[in-house]
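Single-structure report; data block below.
The values are calculated or read from the model by the stated rules, or taken from the named source; none is laboratory data. From a predicted model like this one, the values you see are computed outputs, not experimental measurements. Using ideal geometry, Cβ is built from the backbone for each residue, glycine included, and neighbour counts are taken over all protein chains shown.
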Amino acid sequence: MAEGLIFDIKRYAIHDGPGIRTTVFFKGCPLSCWWCHNPEGQSFSPELMVWPDRCLKCRTCISACPNSAISISNSSIVTERGKCEVCGVCTAKCSANAREIVGKIVSAEEVMAEVEKDREFYGESGGLTASGGEPLAQPVFLHVLLNRCKETGIHTTVDTSGYMERKTLAKISSKVDLFLYDLKMMDPKKHKLHTGVSNKPIIENLKMLDKLGKQIIIRFPLIPSVNSTKANISTMCELVSGLRNIRRISVLPYRQLGVDKAKRLGKGVRIFAKPSDRMLDQSLRLIKSYGFAVNVGG
Ligand code: SF4
Ligand code: SF4
């Protein structure tokens, strides 16, 4: 029985590929992008999330924690992450829903049961989207899910950073109808600095998928002071110009969506400015000048 670690299943999703979709969020990613809007998708383990604004200061969690990881300091409930073993005891005791374990192991059957509930809404174009985190980082589980979808006529989309071993990606790609493929930045050193990994395999894998004839939508997260320069966008467009199966480029303006979530996970967080309307407009015009269809959002 194939099992995987996920942190959410979103039904009736309309920004994760064509039509109405069921999006499965895989937990764990080999990248650690500074601007990540799903920081709960980075770790390959379940994590404790805490909402201080919901806390009633009843102190129930303090006495419940078997590891003495929770205390009160300056009238605030404090969790010592180094002591926390993510056992979930405090989450079960908290009546204010101020504590939650993010991430659970599920079977392919459980996921497909959720997907089947949405089948009647898919119509001609909808289906399952595997997102994350990085779905390709759990290749066996992903392959089983995609296989089940193809056996039952469900359209499949994989939303990916493209960072994975070439052979495995080639094998999985036979079950994928559409890739949503991130291109974050073209300079290899900057890419490594901002994401923790080289962009070389990402670019090589993109070329391979294109050669295999896979349908691809490029996703470009636009982040001021990180990847918004004319040089970066032009280099990306030149790369994509040499490919044959790119449907369009989707520009995703940075929106600070991950900031609060990172704080709830007790993680450090970097905050960037949102792109101005002028910056977004200039970026769209530059991409269009290469002859690409372009849109804003998913
Ligand atoms: S149990 Fe919940 S509401 Fe009570 S102190 Fe702990 S976090 Fe706050
Ligand atoms: S998840 Fe378990 S170890 Fe962590 S703070 Fe809650 S009760 Fe303590």
Among the residues of region 32-53, are any surrounded by 14 or more Cβ atoms within 10 Å (Cβ to Cβ), under 22 Å from V158 (Cα atoms), of a type in the set (D, E) and more than 16 Å from ligand 2 (Cβ to nearest atom)? no
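Yes or no, residue by residue, for (1) modelled with pLDDT of 95 or more; (2) part of a helix (DSSP H, G or I); (3) out of contact with any helix residue (DSSP H, G or I) (no Cβ under 7 Å at 6 or more places or on another chain):
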residue	(1), (2), (3)
N147	yes, yes, yes
K150	yes, yes, yes
V158	yes, no, no
F179	yes, no, no
K184	yes, no, no
D210	yes, yes, yes
G213	yes, no, yes
For region 115-126, does any single residue satisfy the condition of being at pLDDT below 95, over 30 Å from L193 (Cα atoms), surrounded by fewer than 20 Cβ atoms within 10 Å (Cβ to Cβ) and small (G, A, S)? yes
Restricting attention to region 257-298, report how many residues are within 30 Å of P52 (Cα to Cα) and touching a residue at least 24 places away in the same chain (Cβ under 8 Å). 14
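This table checks each residue for (1) among the polar types (S, T, N, Q); (2) assigned to a strand (DSSP E or B); (3) surrounded by fewer than 15 Cβ atoms within 10 Å (Cβ to Cβ).
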residue	(1), (2), (3)
H194	no, no, no
I216	no, yes, no
V240	no, no, no
S250	yes, yes, no
Q256	yes, no, yes
G268	no, no, yes
Checking the structure you have, find out if any residue of region 14-31 is at pLDDT 95 or above and within 16 Å of ligand 2 (Cβ to nearest atom). no
Which of the residues that make up region 1-60 are over 21 Å from F179 (Cβ atoms) and in a helix (DSSP H, G or I)? P39, E40, P52, D53, R54, T60
Might you let me know whether region 224-238 holds any residue that is assigned by TED's automatic domain parsing to the domain that holds H37, closer than 14 Å to H191 by Cβ, more than 23 Å from the chain's Cα centre (by Cα) and in a loop (DSSP other than H, G, I, E, B)? yes
If T79 meets every condition in (1) near ligand 2 (Cβ under 10 Å from one of its atoms); (2) among the polar types (S, T, N, Q); (3) loosely packed, with under 15 Cβ neighbours inside 10 Å apart from one, which number is that one? (3)
Looking at this structure, is C65 outside the structural domain of I271 (by TED's automatic domain parsing), of a type outside the set (V, I, T) and touching a strand residue (DSSP E or B) at 6+ places or on another chain (Cβ under 6 Å)? no
Of all residues being within 9 Å of ligand 1 (Cβ to nearest atom) and not in a helix (DSSP H, G or I) in region 88-101, which is nearest to the chain's Cα centre (by Cα)? Just the residue, please. R99
From E47, E85, E80, E40, grab the single residue that is more than 9 Å from ligand 1 (Cβ to nearest atom), modelled with pLDDT of 95 or more and over 30 Å from F141 (Cβ atoms). E80
